[in-house]
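Every number in this text was worked out from the coordinates using simple rules, so none of it is lab data. These numbers come from a predicted model, not from an experiment. Note that each Cβ is placed from the backbone with ideal geometry, even for glycine, and that neighbours are counted across all protein chains shown.
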Amino acid sequence: MSQTACPECGGPMVYELSTKHFQCKRCGLYVTREQLDDIKAKIRDREEDDRKKRRRIENDYLAWWLSGKK
């Protein structure tokens, strides 16, 4: 059996060969490998979008702050 971390709760997920699904031992999430990959990709994309948004806000603030210093 193979283990990976659950994208929902971080708990251990165990791969069940008989059903070809991953199941989280903590929250019960039950997904195929493809579904698990999709969920993880969406989480990564969302985190990347959040980082880009934060960076843009920081840059806007810095530009505003520097414009008043001239």
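This table checks each residue for (1) more than 14 Å from residue 5 (Cβ to Cβ); (2) among the aliphatic types (A, V, I, L, M).
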| site | (1), (2) |
| --- | --- |
| 17 | yes, yes |
| 29 | no, yes |
| 41 | yes, yes |
| 55 | yes, no |
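Among residues of region 20-69 being among the aliphatic types (A, V, I, L, M) and without any contact (Cβ under 8 Å) to a residue 12 or more places away in the chain, the one that is farthest from residue 8 (Cα to Cα) is 66. Checked against (1) touching an Asp or Glu at 6+ places or on another chain (Cβ under 8 Å); (2) assigned to a helix (DSSP H, G or I), residue 27 passes all but a single condition, namely (2).
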